[in-house]
Amino acid sequence: MFLIYPGQCRKDTSFNLGVGCSLLYLIAASKTELTKMVELRTEMEMLLQNVKEDLQRKDALHKQFESIDTLAYSTTDVQEGSNFNSWLSLQSQTTSYVLPDSGTITVHDQSLKCDTLQQDEYVEGMGELEAELEAELERLQTRLDRDNSLKHPLQERIKVTVEDTDSVRSRSSSFGEVIDLQNASTEVHSGVPPTELQRRLHELLEAKQQERIKELEAALECAMHKLREKEIELVCSPPNSRDSNCMAEALSDSGSANALTLDSVRESLIRQEDTIVFGLIERARFPINSPTYSASYANIPGFTGSLAQFVAHETEALQAKAGRFTNPEEHPFFPKDLPASVVPSQNHTEVLHPSAASININMQIWDFYFDKLLALFAAPGDDGNYAATAASDLVCLQALSRRIHYGKFVAEVKFKESPKEYEPAIRAKDRDALMKLLTVESVEEAVKKRVAKKAMVFGQEVTLNTTDGSNGKYKVDPSVLSRLYEEWVMPLTKLVQVEYLLRRLD
Ligand SMILES: O=C(O)C(=O)C[C@]1(C(=O)O)C=C[C@@H](O)C=C1
């Protein structure tokens with residue numbers, strides 16, 4: 001059972017009224033808060049939209065900058081590019097933070113933070129871009145001022161046109177403000193800048209130099225051509241007529257034995273090189289033609305031996321009759337049973353010691369020629385021209401023989417020039433000592449080089465319509481000539497010298 005007092009009932013009513021009022025107040029306050037939140041969200045969304053738009057403008061601006069060639073970019077471009085990339089990434093992040101729901105205040109807070117960050121970087125990026133642009137403009141201006149002040153006679157007007165710059169804009173430092181820099185094409189008249197002048201001058205000098213080089217090359221070519229012609233002219237005079245009597249040349253005009261000098265003897269050796277080189281070139285016209293050297297192939301009645309031996313033997317016999325071997329420079333390959341000269345005797349100046357006549361090393365010359373040398377310069381094969389081949393071989397052999405036996409004259413001159421030097425070694429029959437005394441290495445080197453060069457000059461194809469007749473091909477390999485002289489000619493010449501000296505005091 002409940003007892004209700006009238007005073008208590010009034011108290012309850014006023015309490016309920018108070019609670020109701022409080023609740024109403026709270027509801028009103030909450031509503032205000034909610035309205036504020038909605039406003040805040042709208043503001044944030046607008047802010048985000050602004051940022052997004054600015055970023056897009058920046059993107060377009062950057063692309064425009066890339067396409068403008070007239071503005072020279074410095075290395076800061078790279079920096080700018082990287083900033084641009086970071087802006088792009090920020091932009092995509094920002095987009096993802098646009099919230100569809102106002103109930104997520106925490107997310108709004110994050111977005112706000114992110115926006116602030118982006119704004120900072122954006123402002124920084126814009127600052128850099130602006131600085132770049134200003135610097136570029138300053139550079140352009142300075143250049144224009146400088147060019148205008150130039151009063152050089154070579155000065156000319158050039159057009160500097162900056163076109164299609166609609167989107168080339170400069171931003172002021174205040175965020176988001178855009179100023180049009182150039183909207184139409186701009187024409188600037190200017191003098192030639194110093195760098196341009198320098199470049200042109202350089203080009204001019206280079207062209208002049210090229211021209212001069214061409215002239216010099218042509219002159220050189222011409223000189224080379226003339227030289228070749230002279231060489232050929234010299235070569236084309238019959239070699240045998242020039243050195244058929246080498247001693248006579250070496251003796252010069254006086255004809256006296258005392259007129260023989262080491263220089264004149266060496267001169268004669270040099271001329272004989274021509275005969276040897278030509279002889280080899282002539283022989284190289286034929287292939288090896290091995291039947292020429294076969295006794296069984298020849299089968300000549302009354303003669304035992306090869307066709308080459310037969311031709312040499314018979315030719316020498318005829319030449320002996322014609323007086324060839326009365327000349328102390330000539331040495332037969334087949335001295336046995338040589339017929340006597342039938343021609344009036346020539347008065348050959350007596351230069352050599354009489355014992356010189358006993359020296360004949362033609363056997364060795366014959367052997368190295370057929371066994372070693374021939375295969376080095378004659379092509380393999382057989383064309384059937386055996387008689388001509390044998391005759392050609394004999395020309396080579398006789399030229400080599402003459403040259404090698406000329407060592408007698410060389411030794412005589414050397415002995416005459418300094419007998420005291422040679423006498424002890426001669427008396428002691430010291431071959432090695434004599435060989436040492438005779439040897440002049442520098443001269444040998446020069447000889448090897450010269451004969452190789454002669455093989456190049458004499459052995460090249462000469463045509464009228466090409467300037468370089470050689471084409472790198474020679475009738476006889478120049479190295480064969482060097483080798484011939486190094487391995488056989490000079491050593492055998494020295495051998496002759498030694499043999500001669502050993503008999504010199506007899
Ligand atoms: O010129 C000389 O002094 C020579 O003796 C001739 C020759 C030669 O055969 O060419 C021989 C030996 C020397 O070492 C140098 C050259």
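The values are calculated or read from the model by the stated rules, or taken from the named source; none is laboratory data. All values derive from a computational prediction rather than experimental measurement. Heads up, the Cβs are rebuilt from the backbone with ideal geometry, glycines too, and the neighbour counts pull from every protein chain shown.
Close contacts from the stretch 252-273, counting a first residue that is modelled with pLDDT under 95 and a second that is acidic (Asp, Glu), with Cβ to Cβ under 7 Å and a gap of 6+ residues or different chains, come to Ala257/Glu350.
For Ala399, the conditions (1) touching a Gly at 6+ places or on another chain (Cβ under 7 Å); (2) surrounded by fewer than 18 Cβ atoms within 10 Å (Cβ to Cβ) all hold with the exception of (2). Determine, yes or no, whether Ser392 is in contact with a Lys or Arg (Cβ under 7 Å, 6 or more places away or on another chain), crowded, with 21+ Cβ neighbours inside 10 Å and small (Gly, Ala, Ser). Yes: the conditions hold for Ser392. Residue selection: Ala452 fails the criterion of being closer than 18 Å to Ala308 by Cβ and within 16 Å of the ligand (Cβ to nearest atom). Any residue in the stretch 455-467 that is over 30 Å from Ser355 (Cβ atoms), of a type outside the set (A, V, I, L, M) and within 16 Å of the ligand (Cβ to nearest atom)? No. Any residue at all in the stretch 432-449 that is in contact with a Leu (Cβ under 8 Å, 6 or more places away or on another chain), more than 18 Å from Leu484 (Cβ to Cβ) and more than 9 Å from the ligand (Cβ to nearest atom)? Looking for residues that are in contact with a Leu (Cβ under 8 Å, 6 or more places away or on another chain), more than 18 Å from Leu484 (Cβ to Cβ) and more than 9 Å from the ligand (Cβ to nearest atom), one finds at least one in the stretch 432-449, hence yes. For the structure I just gave you, tell me whether Thr463 is surrounded by fewer than 19 Cβ atoms within 10 Å (Cβ to Cβ) and within 43 Å of the chain's Cα centre (by Cα). Here the answer is yes, as Thr463 does meet what is asked. Do we find that Pro478 is surrounded by 13 or more Cβ atoms within 10 Å (Cβ to Cβ), in the same structural domain as Tyr406 (by TED's automatic domain parsing) and in contact with a Gly (Cβ under 8 Å, 6 or more places away or on another chain) in this structure? Against the criterion (surrounded by 13 or more Cβ atoms within 10 Å (Cβ to Cβ), in the same structural domain as Tyr406 (by TED's automatic domain parsing) and in contact with a Gly (Cβ under 8 Å, 6 or more places away or on another chain)), Pro478 qualifies. For the stretch 327-364, which positions are farther than 15 Å from Ser401 by Cα and among the β-branched types (Val, Ile, Thr)? Val342, Val343, Thr349, Val351 - these are the residues of the stretch 327-364 that are farther than 15 Å from Ser401 by Cα and among the β-branched types (Val, Ile, Thr). Search the stretch 483-506 for residues being under 17 Å from Gln272 (Cβ atoms) and buried (at least 21 other Cβ atoms within 10 Å of the Cβ), and hand back the single one that is farthest from the ligand (Cβ to nearest atom). Selected residue: Leu484. In this structure, Glu329 does not satisfy being under 29 Å from Ala379 (Cβ atoms) and among the charged types (D, E, K, R).
Say whether the condition of being within 50 Å of the chain's Cα centre (by Cα), in a helix (DSSP H, G or I) and more than 16 Å from the ligand (Cβ to nearest atom) is met by at least one residue in the stretch 397-419. So far as the stretch 397-419 goes, yes, one or more of its residues are within 50 Å of the chain's Cα centre (by Cα), in a helix (DSSP H, G or I) and more than 16 Å from the ligand (Cβ to nearest atom). Once the stretch 420-473 is narrowed to residues that are closer than 26 Å to Ser268 by Cβ and assigned to a loop (DSSP other than H, G, I, E, B), the residue that is modelled with the lowest pLDDT is Gln460. Considering the stretch 283-305 alone, what residues qualify as being in contact (Cβ under 8 Å) with a residue 60 or more places away in the chain and surrounded by 15 or more Cβ atoms within 10 Å (Cβ to Cβ)? Arg283, Ala284, Phe286, Pro287, Ile288, Asn289, Ser290, Pro291, Thr292, Tyr293, listed by residue number.
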